[in-house]
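Contents: one structure, followed by commentary.
The values are calculated or read from the model by the stated rules, or taken from the named source; none is laboratory data. None of these values were measured; they are calculated from a predicted model. Backbone-built Cβ (ideal geometry, glycine too); neighbour counts: all protein chains shown. Surface accessibility is based on the protein's heavy atoms, side chains included, excluding ligands, DNA and RNA. Shrake-Rupley method; radii C 1.70, N 1.55, O 1.52, S 1.80 Å.
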Amino acid sequence: MTTESQGTLNPLWSSVPETDRARILAAIDEAFDRQVHFLSDLVRCASLRGQEANVQQLVERALRQRGYAVSRQAIDPSLVGRHPAFSPVTVSYDRSWNVIADYEPSVTGGRSLILNAHVDVVPAGDPTRWQHPPFEPARQGEWLYGRGSGDMKAGLSAAIFALDAIRAAGLELTAPVQIHSVVEEEITGNGAAMALASGRVADAVLIPEPTDEKLVRANSGVIKFAITLHGTPAHPIDIMGGVSAVDAAIRLIEHLRRLEARWNEERASKLFFDDVENPAALTIGTITGGEWIASLPSSCRFEGRIGFYPGDDPHERVREFEAFVASAAAEDTLVRRCLAPVIEWVGVVHAGYTLAPGSEAEAVLTEAHANANAPDAAPLEAFVMAAYLDAAVYSVHGGMPSLVYGPIAEDIHAIDERVSLPSLRRVTKTIALFVASWCGVRPATDAFQEEAT
C-alpha cells in the first residue's frame, strides 16, 4: 500500500545550518566519482554465500583508513534455536563474518544510529546472458551494471560516503554511529542477528536497500524450505511399477500454489497489505532430481520460500506449512505412492515488521529527502516490500525504528542488474543529511582522512 510518508519535523534539524547542509551536499558531489570507483571495487568481489571474505576485507580496509574502530564479528551458529532472531543454517560460517565499525563522538549530544548493509549476493546465473560479465562492473550512461550493484553494494557505498561528506564539510557527529557490513541477508538473516545478539543497538537503524528512493512501511515475514520426495525407480519397460519422484514433486508444487492463494487471501485484513498483489509470493528457486536419463527418478528435492504478514508468529506458519504438505501428500494419489515428503528449514524463518507512521526517525528522513532533492523534491513515499529485510531483525527483536530507504535499481536477482548513479548520488545526500540531523553535528576538531581506495 503506497502512502505519503508522515511525521512531525525533527527539532534537531535547525541545529544543522543551511550553510553546513550545502557543504555536505557539495562534498558528496566532489567525491562521487570516487564513490562509484569504490562501488565498482565492491562489485568485482563475487561475494556469493560463503565467499564474502574478499569483499569484507575490502570494506574493513576502507573503514580503517577512515579512522573508525573496526572489528570482525564471527557468526555463532550455536545461537540458532537459542536466540529468536536466528534462522536455520546448513553451511559453515568459517569464511563468513560481519565487519563492524564504530564512531564515538568527542562530545555527545545527539541520537545514536546503525547503518546496516549486506555484502552477500545471489548467484548470477549464466554469465553469457549478461550484457557485461556480472562481476566486472560496467558504467553505461547513468547506470552501473553488475551483480550486487543495486542489491545492495550501492547502499553500502552511500552509507560510507555520506559519513565522509559530513567530515569533509568540516563537521563531526555528536552521537555514536555504527556501520554493520553483514553477511547472510539473502538466505538467513543471521549476520544482522549476530550483530543484534552481541548487544549492537542504537536509537535508530537505516538500511539503504534498493527501494527506488521510497521508504519501506512494512515487509513480509518469510520462511525458506526444502522438500525431498522419494519415489520408486524403474526401467522404462516396467514404468507402471515405478513412481517418478520428479512428477510427484511437480504435483506437490501445484498443491503449494493453493497454500499461497490461501495466505494471499488474508491480505484484505492486514494493515498496509490490502492492495499488495502477492504478499505470500511462493517461489520455487531450485529443483534437482533423478539419477539416469532412462530411469524413473527415485528422488527429487526442491527449495523455495513463502511469505506471510507482520505480527504473525513464523513458527506458527511453519507448523501450518508442514500440516498442509502432509495433508496434500496424503490426498494426492501420485504423491501418496512416494515416501512421506521430508521438509527441511534451510534459511530465514522470521517475522515481518511494520514501521509505524509518525516516528521522529521517519520525520527526519522525510525532511532530509526533501532537502537533498530540492528544489524539485517529490514527497517521500512509503510502500510495502513483500520480502525479507534485515530491518525486521532490528525492529522485531531490538525494538528499534528501522528505516529502509535506498536508490533506484533494476533487475536485482536477475540478469543485467544495475543501479542508477544519479539516484545513488541523491540517496547518498539524503543519508548524509539524515545522519547530520539525527546524530547532531558540531565543528570538527580533527582533520578529515581522505579515502584512499
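The table that follows gives values for the structure above.
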{"quantity": "Matching entry among Ala46, Ala74, Ala69 (being within 18 Å of the chain's Cα centre (by Cα) and of a type in the set (A, V, I, L, M))", "calculated": "Ala46"}
{"quantity": "Residue count, segment 390-442 (criterion: open to solvent by 40 Å² or more (accessible area, probe 1.4 Å) and either of a type in the set (A, V, I, L, M, F, W, C) or closer than 21 Å to Gly170 by Cα (or both))", "calculated": "7"}
{"quantity": "Pick from segment 379-389, criterion under 29 Å from Met194 (Cα atoms) and in a strand (DSSP E or B), ranking: least open to solvent (accessible area, probe 1.4 Å)", "calculated": "Ala382"}
{"quantity": "Pair list, Cβ < 6 Å and 6+ apart or interchain, from segment 305-316 residues that are outside any helix (DSSP H, G or I) to residues that are of a type in the set (Ser, Thr, Tyr) and surrounded by 21 or more Cβ atoms within 10 Å (Cβ to Cβ)", "calculated": "Gly307/Ser220; Pro310/Tyr353"}
{"quantity": "Evaluation of Ser106 against (1) closer than 30 Å to Ile415 by Cα; (2) polar (S, T, N, Q); (3) touching a strand residue (DSSP E or B) at 6+ places or on another chain (Cβ under 8 Å) (one fails), failing number", "calculated": "(1)"}
{"quantity": "Residue list for segment 259-294, filter: among the aliphatic types (A, V, I, L, M), outside any helix (DSSP H, G or I), touching a strand residue (DSSP E or B) at 6+ places or on another chain (Cβ under 8 Å) and closer than 30 Å to Ser244 by Cα", "calculated": "Ala280, Ala281, Leu282, Ile284, Ile287"}
{"quantity": "Selection within segment 1-27 - surrounded by fewer than 16 Cβ atoms within 10 Å (Cβ to Cβ), modelled with pLDDT of 95 or more and β-branched (Val, Ile, Thr)", "calculated": "Thr19"}
{"quantity": "Which numbered condition Val246 misses (of (1) assigned to a helix (DSSP H, G or I); (2) open to solvent by less than 10 Å² (accessible area, probe 1.4 Å))", "calculated": "(2)"}
{"quantity": "Selection count, segment 77-90, where residues are open to solvent by 60 Å² or more (accessible area, probe 1.4 Å) and in a loop (DSSP other than H, G, I, E, B)", "calculated": "4"}
{"quantity": "Subset of segment 317-348 that is open to solvent by 20 Å² or more (accessible area, probe 1.4 Å) and part of a loop (DSSP other than H, G, I, E, B) - its residue that is nearest to Ala392 (Cα to Cα)", "calculated": "Pro341"}
{"quantity": "Single match in Ser437, Ser402 (criterion: in contact with a Phe, Trp or Tyr (Cβ under 6 Å, 6 or more places away or on another chain) and under 28 Å from Val348 (Cβ atoms))", "calculated": "Ser402"}
{"quantity": "Extreme residue, nearest to Ala391 (Cα to Cα), among residues of segment 92-129 that are among the polar types (S, T, N, Q) and surrounded by fewer than 22 Cβ atoms within 10 Å (Cβ to Cβ)", "calculated": "Ser112"}
{"quantity": "Any pair with Cβ under 7 angstrom, 6 or more apart, that starts in segment 30-48 at a residue that is of a type outside the set (S, T, N, Q) and ends at one that is surrounded by fewer than 24 Cβ atoms within 10 Å (Cβ to Cβ) and at pLDDT below 95", "calculated": "Arg34/Glu451; Phe38/Thr453; Asp41/Thr453"}
{"quantity": "Entirely in segment 133-224, the strands (runs of 3 or more DSSP E) that have 3 or more residues that are at negative phi and surrounded by fewer than 22 Cβ atoms within 10 Å (Cβ to Cβ)", "calculated": "138-140"}
{"quantity": "Only one of Glu30, Glu52 that is acidic (Asp, Glu), at pLDDT 95 or above and within 24 Å of the chain's Cα centre (by Cα)", "calculated": "Glu52"}
{"quantity": "Verdict on Ile412 being outside any helix (DSSP H, G or I), closer than 30 Å to Pro123 by Cβ and either touching a Cys at 6+ places or on another chain (Cβ under 9 Å) or touching a residue at least 60 places away in the same chain (Cβ under 8 Å) (or both)", "calculated": "yes"}
{"quantity": "Cβ-Cβ under 8 Å pairs, at least 6 apart or on other chains, segment 230-249 side under 18 Å from Val342 (Cα atoms) and in contact (Cβ under 8 Å) with a residue 60 or more places away in the chain, far side among the small types (Gly, Ala, Ser) and part of a strand (DSSP E or B)", "calculated": "His230/Ser299; Gly231/Ser299; Ala245/Gly289; Ala245/Ser299"}
{"quantity": "Of residues in segment 278-292 being under 21 Å from Leu334 (Cβ atoms) and out of contact with any helix residue (DSSP H, G or I) (no Cβ under 9 Å at 6 or more places or on another chain), the one most open to solvent (accessible area, probe 1.4 Å)", "calculated": "Trp292"}
